[in-house]
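Have a look at the structure below, then the notes.
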Amino acid sequence: MTTPTSGTKATDTKVSGGNPSRATDSGKGKDQNAFASIGSKVVDTTKKAGNRSLDVYEKALDSSLEYHSAIAAVTNVEWVSTIADAHAKLAREISAATTAAARELLK
């Protein structure tokens with residue numbers, strides 16, 4: 001709503017034909033739909049990339065932990081092997097929890 005100034009009435013608007021917001025609304029709907037569509041595509045693509053990154057992280061971590069366990073087994077020192085296996089198990093459990101939480105956020 002516009003405020004009256006000298007020489008105008010309270011019902012006058014700066015855009016002829018009534019409501020000043022209607023003059024720009026015709027182009028707004030199309031722009032908003034286009035932006036919403038682009039935004040939706042960006043979000044979907046980002047979610048897919050995030051899930052792929054988590055897949056790669058899980059595979060790399062698992063490969064690394066298997067390597068550590070294999071090296072510990074080769075040492076033939078029982079306590080080293082036990083500690084390495086416990087570490088690998090703990091790291092896998094923590095990784096599983098964190099990646100599950102991250103995947104939940106990416107839904």
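None of the figures in this text is laboratory data; all of them are computed from the coordinates on show. Quick caveat, the model's predicted, so the values are computed rather than measured. Virtual Cβ from ideal backbone geometry, glycine too; neighbours counted across all protein chains shown.
Tabulated data for the structure shown
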{"read-out": "Of HIS87, TYR67, GLY29, farthest towards positive along the dipole that unit charges on Lys, Arg, Asp, Glu beta carbons give the range 28-105", "value": "GLY29"}
{"read-out": "Entries of LYS28/LYS48; LYS41/LYS107; LYS48/LYS107 with Cα pairs more than 21 Å apart", "value": "LYS28/LYS48"}
{"read-out": "Pairs of alpha carbons in the range 28-105 whose separation is greater than 21 Å (percent)", "value": "51"}
{"read-out": "Whole-Hz couplings from phi, Karplus 6.51/-1.76/1.60, listed for the range 35-40; x for Gly and Pro", "value": "5, 5, 5, 5, x, 5"}
{"read-out": "The range 22-107: chymotrypsin sites (Phe, Trp or Tyr not before Pro) in DSSP loop, at most 11 other beta carbons within 10 Å", "value": "none"}
